1. Taking only segment 72-95 into account, find how many residues are basic (K, R) and within 15 Å of ligand 1 (Cβ to nearest atom).
2. Could you please find all residues in segment 1-35 being basic (K, R) and closer than 22 Å to R91 by Cβ?
3. All but one of (1) at pLDDT 95 or above; (2) farther than 26 Å from G104 by Cα; (3) more than 11 Å from ligand 2 (Cβ to nearest atom) hold for A6; which doesn't?
4. Out of all the residues in segment 51-71, is one or more within 11 Å of ligand 1 (Cβ to nearest atom) and either without any contact (Cβ under 8 Å) to a residue 24 or more places away in the chain or within 23 Å of G109 (Cα to Cα) (or both)?
5. Say we look at segment 16-47 and pick out the residues that are over 18 Å from W105 (Cβ atoms) and part of a loop (DSSP other than H, G, I, E, B); which of these is most open to solvent (accessible area, probe 1.4 Å)?
6. Looking only at segment 48-92, count every residue that is open to solvent by less than 40 Å² (accessible area, probe 1.4 Å) and part of a strand (DSSP E or B) and tell me the total.
7. Does F12 satisfy the condition of being open to solvent by 10 Å² or more (accessible area, probe 1.4 Å) and under 23 Å from D102 (Cβ atoms)?
8. Name the single residue, out of those in segment 13-23 being within 12 Å of ligand 1 (Cβ to nearest atom) and modelled with pLDDT under 95, that is farthest from L79 (Cα to Cα).
Amino acid sequence: MHDPSARGNDFFKCDFCLSAWSEDRQMVEGHRGALICVKCLTLAYAQVVTQDAGQAAPAGVACTLCLEQRTQKHWRSPLRDEAWACERCIRQSGQVLEKDPDSGWTRPGRG
Ligand SMILES: [Zn+2]
Ligand SMILES: [Zn+2]
């Protein structure tokens, strides 16, 4: 999310943990300024993709990143109950980070 009350790096906050952007906390942008940081994405990717342990979002709940209600598995933020990320967004965000040499991100392995 974008925090209009903050300046500089604090303007950019992860929708899933509310941490601000920093050198070691890069972000991937979803629709309408939604943001997920690398740390949340790593958790989400490990749970939903690597461990195949995502959960269905309740009826009426849309993915925070794409704003669509999907039937696939989701990751729910442990810090913000209302923040959900669908598997599609998690995979896409992972691809974006993998292609970005500055991110240094690699998809989490098993165990
Ligand atoms: Zn985060
Ligand atoms: Zn999504």
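1. Result for segment 72-95: 2.
2. R25, R32
3. (1)
4. no
5. Restricting to residues being over 18 Å from W105 (Cβ atoms) and part of a loop (DSSP other than H, G, I, E, B), the top hit is L18.
6. So the answer is 5.
7. yes
8. Filtering first and then ranking leaves S22.
The values are calculated or read from the model by the stated rules, or taken from the named source; none is laboratory data. What you see is a predicted model, and the numbers here were worked out from it, not measured in a lab. Note: ideal-geometry Cβ built from the backbone for every residue, glycine included; neighbour counts use all protein chains shown. These area figures cover heavy atoms from the full protein model, side chains too; ligands, DNA and RNA do not enter into them. Shrake-Rupley method; radii C 1.70, N 1.55, O 1.52, S 1.80 Å.
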